[in-house]
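In what follows, a single structure is set out as structure tokens and then discussed.
FYI, it's all coordinate maths here, none of it is from the lab. Owing to the predicted nature of the structure, the values given are computational and were not obtained by experimental measurement. Neighbour counts are summed over all protein chains in view; Cβ atoms, including those assigned to glycine, are modelled from backbone coordinates with ideal geometry.
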Amino acid sequence: MAQFDVYKNENERTNKDVPYLLDIQNDLLSSLDTRVVIPLVFSLAKVDGLTKELKIDDEILYLYTDQMATIPFSLLSEKICSIKEQSEEIKNSIDFLIYGF
């Protein structure tokens, strides 16, 4: 597991609305039994600064930053890809959520 890896959401209750989860937790904390994730969705009411558009395998998805959560790392099993190259956009969205800018 690595920061900015995207995983398939295996939860049958939620995976239709939230097909992917983005791992944002720093790799220095890999010994923890949990990971901090942000849901990735196909459509979302845009909030400037908070809702970021990301490209994943030729699909446009949106970072649902205000729904960030911690889940057991055992729930992250099928890695889709890494979007480390989009890390600045992701970090800007988290900063906006916390600091408002």
Quick check on the range 89-101: of everything there that is within 16 Å of Leu54 (Cβ to Cβ) and not acidic (Asp, Glu), which residue is surrounded by the most Cβ atoms within 10 Å (Cβ to Cβ)?
Ser93
Could you list all residues from the range 27-41 that are without any contact (Cβ under 8 Å) to a residue 12 or more places away in the chain and assigned to a loop (DSSP other than H, G, I, E, B)?
Ser31
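Quick check on this structure: which one of Asp66, Asp23, Asp17, Asp58 is closer than 12 Å to Met1 by Cβ and not small (Gly, Ala, Ser)?
Sole residue among the options that is closer than 12 Å to Met1 by Cβ and not small (Gly, Ala, Ser): Asp23.
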So is Thr14 free of Cβ contacts under 8 Å to residues at least 60 places away in the same chain, surrounded by 17 or more Cβ atoms within 10 Å (Cβ to Cβ) and of a type in the set (Ser, Thr, Tyr) or not?
no
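One line per residue, one yes/no per condition, for (1) without any contact (Cβ under 8 Å) to a residue 12 or more places away in the chain; (2) surrounded by 12 or more Cβ atoms within 10 Å (Cβ to Cβ); (3) at negative phi; (4) not in a strand (DSSP E or B):
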| residue | (1), (2), (3), (4) |
| --- | --- |
| Ser43 | no, no, yes, yes |
| Gly49 | no, yes, no, yes |
| Lys55 | no, no, yes, no |
| Leu61 | no, yes, yes, no |
| Ile71 | no, yes, yes, no |
| Ser77 | no, no, yes, yes |
| Ile80 | no, yes, yes, no |
| Ser87 | no, yes, yes, yes |
